């Protein structure tokens, strides 16, 4: 019999406790995994719907699931700008950007959003009514001051007018760059035009306030006070994802009925 007060006994008790704790933790992880996955999926749906103006941020699970029935998830080949049946590697474009062979490494001159790698295939969300496109919701991301901002941009059926912009994950400073979450600032995006008359990306975040008399006002949004780098980051990530390396070719094809 091992003396529990000896060094050997102490080590044996510690080993047994470690094994017991490991079994408990592993069992809990396995049992809770379906619930965790369900919560992740619910959170994804809620973020898409909030950006599209289809539910409030505090919507219940039932409200989210019911509202998401009006949304169709499709996949886009960002190289060709056309729909594809191929799902993004890893289940999402964000994951695909980290998987070998599923992304393109961006040249510095193209990478204004500072994401380094862009997935080859991305998910998009179509809100349809009576068989016609009502809104299109695109996943967007890019570098802010302290890290990457992740969000969704919703466009009206003309694929030019902003219906909503919402960030669901970021590390910006509360009260400064963190104001990307402020409902008042998010409301400023409604009705802004992302492209000019020539089809070029024109959306911008200005320092200070937008001059309502400026001919460019329809493309502009007030900057975040005291958060110039975050404001620049939001502008750059939108310009990237609406441009040639992002969803630009897809939006042109969709407008022309060739997606």
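The values are calculated or read from the model by the stated rules, or taken from the named source; none is laboratory data. In this text the structure is predicted, and so the values were computed from the model without any measurement. Cβ placement follows ideal geometry from the backbone for every residue including glycine, while neighbour counts extend to all protein chains displayed.
The table below gives the values:
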| read-out | value |
| --- | --- |
| Residue within segment 212-221 that is farther than 26 Å from residue 49 by Cβ, free of Cβ contacts under 8 Å to residues at least 12 places away in the same chain and in a helix (DSSP H, G or I) present | yes |
| Verdict on residue 233 being at pLDDT 95 or above, surrounded by 15 or more Cβ atoms within 10 Å (Cβ to Cβ) and in a loop (DSSP other than H, G, I, E, B) | no |
| Per-region count, segment 139-165, residues farther than 18 Å from residue 81 by Cβ and either touching a residue at least 60 places away in the same chain (Cβ under 8 Å) or in contact with a strand residue (DSSP E or B) (Cβ under 8 Å, 6 or more places away or on another chain) (or both) | 18 |
| Number of positions in segment 104-117 that are surrounded by 12 or more Cβ atoms within 10 Å (Cβ to Cβ) and either out of contact with any helix residue (DSSP H, G or I) (no Cβ under 6 Å at 6 or more places or on another chain) or under 18 Å from residue 168 (Cα atoms) (or both) | 9 |
| Residue 136 being at pLDDT 95 or above, part of a strand (DSSP E or B) and touching a strand residue (DSSP E or B) at 6+ places or on another chain (Cβ under 8 Å) | yes |
| Test: residue in segment 236-247 that is surrounded by fewer than 19 Cβ atoms within 10 Å (Cβ to Cβ) and at pLDDT below 95 | no |
| Strands (runs of 3 or more DSSP E) contained entirely in segment 70-129, each with at least 2 residues that are more than 19 Å from residue 41 (Cβ to Cβ) and at pLDDT below 95 | 121-129 |
| Any hit, segment 222-230, residues being buried (at least 19 other Cβ atoms within 10 Å of the Cβ), in contact (Cβ under 8 Å) with a residue 60 or more places away in the chain and outside any strand (DSSP E or B) | yes |
| Filtered residues of segment 166-181 (kept if touching a strand residue (DSSP E or B) at 6+ places or on another chain (Cβ under 6 Å) and surrounded by 20 or more Cβ atoms within 10 Å (Cβ to Cβ)) | 166, 167, 170, 180 |
| Subset of segment 183-210 that is in a loop (DSSP other than H, G, I, E, B) and touching a helix residue (DSSP H, G or I) at 6+ places or on another chain (Cβ under 6 Å) - its residue that is surrounded by the most Cβ atoms within 10 Å (Cβ to Cβ) | 203 |
